[in-house]
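Heads up, the thing below is written out as structure tokens.
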Amino acid sequence: MYSASNPPGDCIHIEQLEVFAFIGVTDTERAQRQRLTITTTIWPATDFGALADEIARTIDYSAVCEATRKYVAGRADKLIETLADSLARDLLAMFPIRSIAVEVRKFVIADTEYVSVRLTRDRLP
């Protein structure tokens, strides 16, 4: 069954794109860029069967990566939750995406591999 957390259909998946962001609750934490990784799953507006092997008909995942890097570089959020939500909404507006899932990982707490947030957003009709 379709839901925001389990959209149906073909998808493009970008695993752990490395970015550097001014992010953190305190001014000291935001004073220098921190390494994050962003995993994005995109459900395009067009199914893969309709692409006719033409890149112009699909979502250019290289362009999604570049847009993600540029977007993150221009922000200074306190919360990775805020960054994930605003990035998802920005990518929905920029590309012909039906639904998007974003995970942002932050490597900040000792004795943990990472802390992450995940969300799924749909294009509003």
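The values are calculated or read from the model by the stated rules, or taken from the named source; none is laboratory data. Every value quoted in this text rests on a predicted model; they were computed, and no experiment measured them. With ideal geometry, Cβ positions are generated from the backbone for all residues, glycine too; neighbour counts draw on all protein chains shown. Ligands, DNA and RNA are stripped out before the accessible areas are found, and what is left, the full protein with its side chains, is counted by its heavy atoms. Shrake-Rupley method; radii C 1.70, N 1.55, O 1.52, S 1.80 Å.
Tell me yes or no: at least one residue of the stretch 85-93 is in contact with a helix residue (DSSP H, G or I) (Cβ under 8 Å, 6 or more places away or on another chain) and under 20 Å from residue 114 (Cα atoms).
Yes, the stretch 85-93 contains a residue that is in contact with a helix residue (DSSP H, G or I) (Cβ under 8 Å, 6 or more places away or on another chain) and under 20 Å from residue 114 (Cα atoms).
Looking at 27, 60, 77 in this structure, which one is among the acidic types (Asp, Glu) and over 18 Å from the mean Cα position of the chain (by Cα)?
Every option except 27 fails the conditions.
If a residue must be aromatic (Phe, Trp, Tyr) and either closer than 20 Å to residue 87 by Cβ or touching a strand residue (DSSP E or B) at 6+ places or on another chain (Cβ under 6 Å) (or both), how many such residues does the stretch 37-69 contain?
Counting residues in the stretch 37-69 that are aromatic (Phe, Trp, Tyr) and either closer than 20 Å to residue 87 by Cβ or touching a strand residue (DSSP E or B) at 6+ places or on another chain (Cβ under 6 Å) (or both) gives 2.
Output the number of residues of the stretch 95-110 satisfying the condition of being touching a residue at least 60 places away in the same chain (Cβ under 8 Å) and among the β-branched types (Val, Ile, Thr).
Within the stretch 95-110, residues that are touching a residue at least 60 places away in the same chain (Cβ under 8 Å) and among the β-branched types (Val, Ile, Thr) number 4.
Just checking, does the stretch 53-72 include any residue being at pLDDT below 95, open to solvent by 60 Å² or more (accessible area, probe 1.4 Å) and at positive phi?
yes
Among the numbered conditions (1) touching a Cys at 6+ places or on another chain (Cβ under 8 Å); (2) outside any strand (DSSP E or B), tell me where residue 41 comes up short.
(2)
Of the residues that make up the stretch 33-42, is at least one modelled with pLDDT under 95, aliphatic (A, V, I, L, M), under 22 Å from residue 100 (Cα atoms) and open to solvent by less than 70 Å² (accessible area, probe 1.4 Å)?
no
Across the stretch 81-125, what is the total count of residues that are outside any loop (DSSP other than H, G, I, E, B), closer than 14 Å to residue 21 by Cβ and open to solvent by 70 Å² or more (accessible area, probe 1.4 Å)?
So the count comes out to 1.
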